[in-house]
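So that we are looking at the same thing, I have put the structure below in structure tokens.
The values are calculated or read from the model by the stated rules, or taken from the named source; none is laboratory data. Nothing here was measured: the structure is a model prediction, and the numbers come from that model. Glycine gets a Cβ as well: all are built from the backbone with ideal geometry, and neighbour counts include every protein chain shown. The protein model used for the area step is the full one, side chains on, heavy atoms only, and it has no ligands, DNA or RNA in it. Shrake-Rupley method; radii C 1.70, N 1.55, O 1.52, S 1.80 Å.
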Amino acid sequence: MDVLDSDIKYLPSVGPRRAELFGKELGIFTFRDLIYFFPFRYVDRSRFYAISEIDSATAYIQLRGVIRDMRIVGAQRGKRLVAVLSDDTGSIDLVFFQGIKWVSERIKTGKEYIVFGKPSVFNGEINMVHPEIDEVSSARPGTGAMTGVYPSTEHLKNSMVTNKVIGKLQAAVWEKCADSIRETLPAWLISDKGLCSLREALHNIHFPKDVQSLAKAQQRLKFEELFYLQLSLLKQKNVRMRASNGLVFKRLGDAFNDTYNNLKFPLTGAQKRVLKEIRADVTSGRQMNRLLEGDVGSGKTLVAILSALQAIDNGYQACIMAPTEVLAEQHYRGVGKFVNTEKVRCALLTGSTKTKERREIYAGLEDGSIDLVFGTHALIEDKVKFAALGLAVIDEQHRFGVEQRSRLWSKSETVPHILVMTATPIPRTLAMTLFGDLDISVIDELPPGRKPVVTKHVGENHRQKVYDFMRRQIDAGRQVFVVYPLIKESEKMDYENLESGYLAITEEFKPPKYVTAVVHGQQTTENKAHDMALFVEGKAQILVATSVIEVGVDIPNASVMVIESAERFGLSQLHQLRGRVGRGSAESYCILMTGYKLSKESRQRIEIMCRTTDGFELAEADLRMRGPGDFEGTRQSGLAIDLHIADLAKDNPVLADARETASRVLENDPLLTAPGNRILVDNLAKLKTEIKDYSNIS
Ligand code: ADP
Ligand code: MG
């Protein structure tokens, strides 16, 4: 057996209990997993700070001093151990909420220690919570001046698996495995690119002796990671481009022409260009796999419908799937604006479609009597079968899990063309990584007459001014959205906020002169539909809602978007929400309400929102701000690939190089049969199992 596959429970001081913890918390089961568990940053422990030079902004630092005093303060949940550390320049409190017994048994007053941690501010005083404490004599294993800091979790910290423990384990596992590390890149590539060997890279990523050796290790590992990803994506794309099983929509018939010739407005240049790109795909004999990016309000739906009509003109069906019922309904209701629904038979299938109707729709899809179906996740349920699905459109794709998407194309004997649409602009680097095998179209032009939304940040204390402003807008005939955050963990509290906000607004905007509709996830479908209709039909001037209205809702008369607790939304969400207004010809406004205490990140988000309405600029900023190691952020964007080390926000040049190299390799050796590329095939196979879900996209 490969020693790298050994269970980590065989490492010194791990044992079955900790091994289980590592598995659960970090997904680390084997020696290999541990070696590939990289520090997310490094700390230079080469110097000691003087206590007097600490300010709250100081990052992780190292102190050296004597523990002067130790006592337990507080009771129950506030109970903590406070140790006072002093050096020649001053003293600082070291605070422990957990492991009090453990710490107090090991730390002695009057003794000198090396303390490592991040200063924070509590009640105006600087202290350090849960620092690492070392005896001055104890040498750290395997580290020079640089120390890696590993990602951790609350559970691990509570179980005393500190960074130091992980560092020791890395040293132990390295000793056992160093000689078993096998190179994963071909020799020609390593020398071509001047990379270091895998063994050297893996050693130096954990135990760099200086900044240079670390940089070299990172370069090699990032390149490798992105290279294999690109190789895999481009290879899949090759396969797709070579196959000739794509449906051909040769005819442009009545369905398409009736709609196209009766449009009440000219298509924008960008819409026309994208339609041409799609037309080329669906007549090429190859399966289309296209991502359509376009800012909110750029007219993607119409492009989707015009594409669907091409399928229908050629005897195939089409489906347009949306992430929420509100959206699917809006698509369905809106289709009549463009399409003669007497001739093109449309249906709507969502979770709340009644059983009887649902059965009819199932039957209509299966016997081909329904041409175009709109819907939600209900479209991917097992019972749904198509007679001949020609095109599947997925709107606002980032809301769908990858598996859900992949289920769509197993619904019909025919292999449908795929059009994925998103209003969250995806930065190029991310798009290349996520959708490296998809073709990308961009609508970079809004229909004429749209004005950028004026965006303002308003503090809680100016709420009355906001109400006054709303009233002026409403009295001028406009409508207003008021949106509250909805975050899973605190759902109950969020609804309470929304409820009290709703009360405050009806107090301020009294019926019957003003009508306020309310829409949120805990309502019955009927109530939701009722209130939504009030607003859509202009009978209600105000819509109080949770972020269910985030994507797609199109109400041209709405000119004000008030976002409550705006600091709790991410940038792309804020941008989506703002996109709900500014669709008509009136000047529109987005008001970001926040409390006073804002984190640095929230403040940055709000500032950039006020500064620009350019979705791509926001997306780039978003990616930059979220930075590396944000597993959550990666998941949100639908990324099914775990990037260990490459950082899409920063590693643009490496990504471009990796992609270029991968594409050159495949050009010279499309099937990777050359002996020198054997190693590539082997490693690709391993990668495949890791990104299995993702490969289903094509
Ligand atoms: P998206 O889905 O890209 O956010 P929509 O498809 O909802 O945008 O379009 C927003 C609005 O713009 C809709 O009311 C649509 O009918 C309208 N629209 C689409 N294309 C044009 C165009 N070329 N000129 C004017 N209005 C358009
Ligand atoms: Mg849309």
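With every protein chain left in place, what is the accessible area per residue of the stretch 1-120 in square angstrom, probe 1.4 Å? Write out the running numbers ahead of the final one.
On the way: 6570 Å² over 120 residues.
Heavy-atom SASA per residue in the stretch 1-120 reads 55 Å².
Okay, moving on. Using label points projected 7 Å from each Cα along Cα→Cβ, tell me how many nm separate Ser120 and Arg77, to one decimal.
About 1.5 nm, to one decimal.
Using only the Cα atoms, work out Rg/Rh for the stretch 115-264, with Rh taken as the Kirkwood radius, to two decimals.
On the way: Rg = 26.7 Å, Rh = 20.9 Å.
My calculation puts Rg/Rh at 1.28.
Ordered by residue, what ³J(HN,Hα) values in Hz, to whole numbers, does the stretch 358-374 give under the Karplus form 6.51 cos²θ - 1.76 cosθ + 1.60, where θ = phi - 60° and Gly and Pro are x?
Working through the residues one at a time gives 4, 4, 5, 5, 3, 5, x, 6, 6, 9, x, 7, 9, 8, 9, 10, 9 Hz.
Sticking with this structure for a sec: Of all beta bridges DSSP finds with both residues in the chain, what is the antiparallel percent, to the nearest 5? Write down the numbers at each step before the final one.
On the way: 33 of 89 bridges.
So the antiparallel bridges amount to about 35 percent of the total.
OK, next. From the backbone phi of the stretch 113-122, what are the Karplus-calculated ³J(HN,Hα) couplings (6.51 cos²θ - 1.76 cosθ + 1.60, θ = phi - 60°) in whole Hz, Gly and Pro given as x?
9, 9, 10, 9, x, 10, x, 9, 10, 9
Might you tell me the accessible area per residue for the stretch 252-313, computed with a 1.4 Å probe and given in Å²?
On the way: 2190 Å² over 62 residues.
Solvent-accessible surface per residue comes out at 35 Å².
Let me ask something else. What spacing in nm lies between the two simple spin-label points modelled at Leu684 and Ser663, each 7 Å away from Cα in the Cβ direction?
So the two model labels end up 1.7 nm from each other.
Further, regarding this structure: May I ask you to evaluate 6.51 cos²θ - 1.76 cosθ + 1.60, the Karplus curve with θ = phi - 60°, for each residue of the stretch 604-610 and list the ³J(HN,Hα) values in order in whole Hz, giving x for glycine and proline?
4, 4, 5, 4, 5, 4, 6
Would you tally the net charge around Thr109, using a Cβ to Cβ cut-off of less than 9 Å, leaving Thr109 out, and scoring K and R as +1, D and E as -1?
Numbers: positive: Arg68, Lys108, Lys111; negative: Asp69.
Within the 9 Å Cβ shell, the charges total +2.
Now a separate question. Quick check: the distance between the Cα centres of the stretch 641-682 and the stretch 541-602, to the nearest angstrom?
About 41 Å separates the Cα centre of the stretch 641-682 from the one of the stretch 541-602.
Can you grab the distance from the C-alpha centre of the stretch 7-86 to the C-alpha centre of the stretch 230-304, Å, no decimals?
53 Å
Once amide H atoms are built 1.01 Å from N in the peptide plane, which residues 5 or more positions from Thr184, or in another chain, come under 5 Å H to H?
Residues meeting the amide H criterion: Leu198.
Continuing with the same structure: Working only with C-alpha atoms, what are the Rg and Dmax values of the stretch 47-144, expressed in angstrom?
13.1, 41
Evaluate the distance, in nm, between pseudo-label points positioned 7 Å from the Cα of Glu526 and of Val248 along their respective Cα→Cβ axes.
About 5.4 nm, to one decimal.
What FRET efficiency comes out for the pair Met1/Ser159, r = Cβ-Cβ distance, R0 = 30 Å, nearest 0.05?
Values: r = 29 Å, r/R0 = 0.96.
Step by step, r from the Cβ atoms, then E = 0.55.
For the Cα atoms of the chain, what angle does the longest principal axis make with the long axis of helix 15-26, in degrees from 0 to 90, nearest 10?
So the helix axis and the longest Cα principal axis differ by about 40 degrees.
Moving on. Wrap a convex hull around the Cα atoms of the chain, take a quarter of its surface area, and give that in square nanometres. Could the numbers behind the result be given before it?
Values: hull surface 140.3 nm².
Computed as one quarter of the Cα hull surface, the answer is 35.1 nm².
Okay, moving on. Skip the ligands, DNA and RNA, and give the accessible area per residue of the stretch 454-612 with a 1.4 Å probe, whole Å².
On the way: 7130 Å² over 159 residues.
Using a 1.4 Å probe on heavy atoms only, each residue of the stretch 454-612 averages 45 Å².
Now for a separate question. Which angle from 0 to 90°, rounded to the nearest 10, does the C-alpha axis of helix 211-242 make with the longest principal axis of the chain?
The helix 211-242 is inclined about 30 degrees to the chain.
Contour minus end-to-end for Lys513 and Leu671, with contour as 0.36 nm per residue of separation and end-to-end as the Cα-Cα distance? Don't skip to the answer; put the middle values down first.
On the way: separation 158, 0.36 × 158 = 56.88 nm, distance 7.10 nm.
Once the chain is fully extended between Lys513 and Leu671, it gains 49.8 nm.
Ignoring ligands, DNA and RNA, what percent of the 1.4 Å accessible area of the chain is carbon and sulfur? Could the numbers behind the result be given before it?
Details: 16490 of 32260 Å².
Taking all protein chains in place, the chain shows 51 percent carbon and sulfur surface.
Roughly how much of Glu526 is accessible, in Å² to the nearest 10, using a 1.4 Å probe?
Glu526 has an accessible surface of roughly 120 Å² with all protein chains in place.
Would you list, by chain and number, the lysines whose Cα falls below 28 Å from the Cα of Lys456, excluding same-chain residues fewer than 8 positions away?
Once the sequence-local lysines are set aside, what remains near Lys456 is Lys300, Lys465, Lys488, Lys510, Lys513, Lys539, Lys597, Lys600.
Treating the beta-carbon of each Lys and Arg as +1 and of each Asp and Glu as -1, no other charges, what is the dipole magnitude of the chain about its Cα centre, to the nearest 20 debye?
100 debye
As I understand it, the dipole of the stretch 454-612 uses +1 on the Cβ of Lys and Arg and -1 on the Cβ of Asp and Glu, about the Cα centre. Which of Val466, Leu486, Thr525 lies farthest toward its positive end?
So the residue furthest toward the plus end is Val466.
Continuing with the same structure: Helix-only mean residue ellipticity at 222 nm, the chain, DSSP H runs n ≥ 4 weighted -39,500 (n - 2.57), per residue, nearest 500. What is it? All intermediate terms of the calculation are to be shown ahead of the outcome.
On the way: 25 runs with 281 residues, N = 698.
Calculated mean residue ellipticity at 222 nm is -12500 deg cm²/dmol.
Could you work out the Rg to Rh ratio of the stretch 454-612, with Rh taken as the Kirkwood radius (inverse of the mean 1/r over all Cα pairs)? If you can, show how the numbers build up before the last one.
Numbers: Rg = 14.6 Å, Rh = 15.7 Å.
My calculation of the ratio gives 0.93.
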